Amino acid sequence: MMSSEKLTILVADDHPMFRSGLVQMLNSQQQIEKIIECENGKEALEKLRSHKFDLAILDVDMPLMSGLDVLRSVSSEEIDVKVIILTMYNDESIVNHAIDNGARGFVLKASAIQEIQKCITTVLNDSIFYSAELTPYLYRRSHAGSGKAKSASSIDDLSPSELRVLRLIAGQISTKEIAEQLMVSPKTIENHRANICKKLNVHGTNALVKFALANKDKL
């Protein structure tokens, strides 16, 4: 990978088989001293807050907190770690979220075995690596100019977890029912609702439900 310096890496992914395969591959690298595994975003953020890591590899779609939610917290709390985002979704909005919040690498799971080692080497050498399939998104972004075309109330601003919650809100089910369906606490759903309202510039529960119903076909 890079120099003789030993590395400590966090790997957070809720798919045991994929995580095990990734860890096994990483363990074959002599430069890596320790790998800590997590199966949800909340645990990953707690580890990042309490331990020093050189690198964090985060899956986007995890229970309790998504990888993008963890990335946002890492950025806002100025936690000193380089972050690589993993996802099975070739989605432009996810890529933009990752870039906006300081991800140094972005690897599609379909390409992970072929690309992850190169990605790690690139990121640890203070450069940025994104899977080749994402090039069109990066091109559009680089040619978009400094102004943002999206409106202040764009659904594209929502994380995958927030989008799932908004879809369920559009189904007019309660916070408790949403929490049960997503297997998280009602408090987590309330936090998602608050974040959604802030991003969409929507004020109040009724206004959020109306927005979800009005935009149901876009969710």
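The values are calculated or read from the model by the stated rules, or taken from the named source; none is laboratory data. Owing to the predicted nature of the structure, the values given are computational and were not obtained by experimental measurement. Positions of Cβ are generated from backbone atoms using ideal geometry, with glycine treated the same way; all protein chains shown enter the neighbour counts.
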Only one of A103, A110 is surrounded by 15 or more Cβ atoms within 10 Å (Cβ to Cβ) and either touching a helix residue (DSSP H, G or I) at 6+ places or on another chain (Cβ under 7 Å) or at pLDDT below 90 (or both), namely A103
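For region 1-86, which fully contained helices (runs of 4 or more DSSP H) count at least 3 residues that are within 18 Å of A98 (Cβ to Cβ) and under 11 Å from the mean Cα position of the chain (by Cα)?
So the answer is 67-76.
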Going by what's in this entry, would P63 be described as farther than 22 Å from E162 by Cα, surrounded by fewer than 17 Cβ atoms within 10 Å (Cβ to Cβ) and either in contact with a helix residue (DSSP H, G or I) (Cβ under 8 Å, 6 or more places away or on another chain) or not assigned by TED's automatic domain parsing to the domain that holds P160 (or both)?
no
Of all residues in region 28-47 being under 22 Å from K187 (Cα atoms) and either out of contact with any Pro (no Cβ under 9 Å at 6 or more places or on another chain) or hydroxyl-bearing (S, T, Y) (or both), which is surrounded by the most Cβ atoms within 10 Å (Cβ to Cβ)?
A44
Anything in region 75-102 that is under 10 Å from A56 (Cα atoms) and either hydrophobic (A, V, I, L, M, F, W, C) or free of Cβ contacts under 8 Å to residues at least 24 places away in the same chain (or both)? List them, or say none.
V81, V83, I84, I85
Of all residues in region 163-201, which are at pLDDT 90 or above and at positive phi?
none
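Of the residues S75, S93, which is closer than 16 Å to D157 by Cα and surrounded by fewer than 21 Cβ atoms within 10 Å (Cβ to Cβ)? Steps first, answer last, please.
Working: S75 fails: closer than 16 Å to D157 by Cα.
It is S93.
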Of the residues in region 126-162, those that are surrounded by 16 or more Cβ atoms within 10 Å (Cβ to Cβ), outside any loop (DSSP other than H, G, I, E, B) and either modelled with pLDDT of 85 or more or not β-branched (V, I, T) (or both) come to F129, Y130, L134, Y137, L138, D157, P160, S161, E162
Selected residue (only one of S50, S93, S73, S66 is in contact with a Leu (Cβ under 6 Å, 6 or more places away or on another chain) and among the polar types (S, T, N, Q))
S73
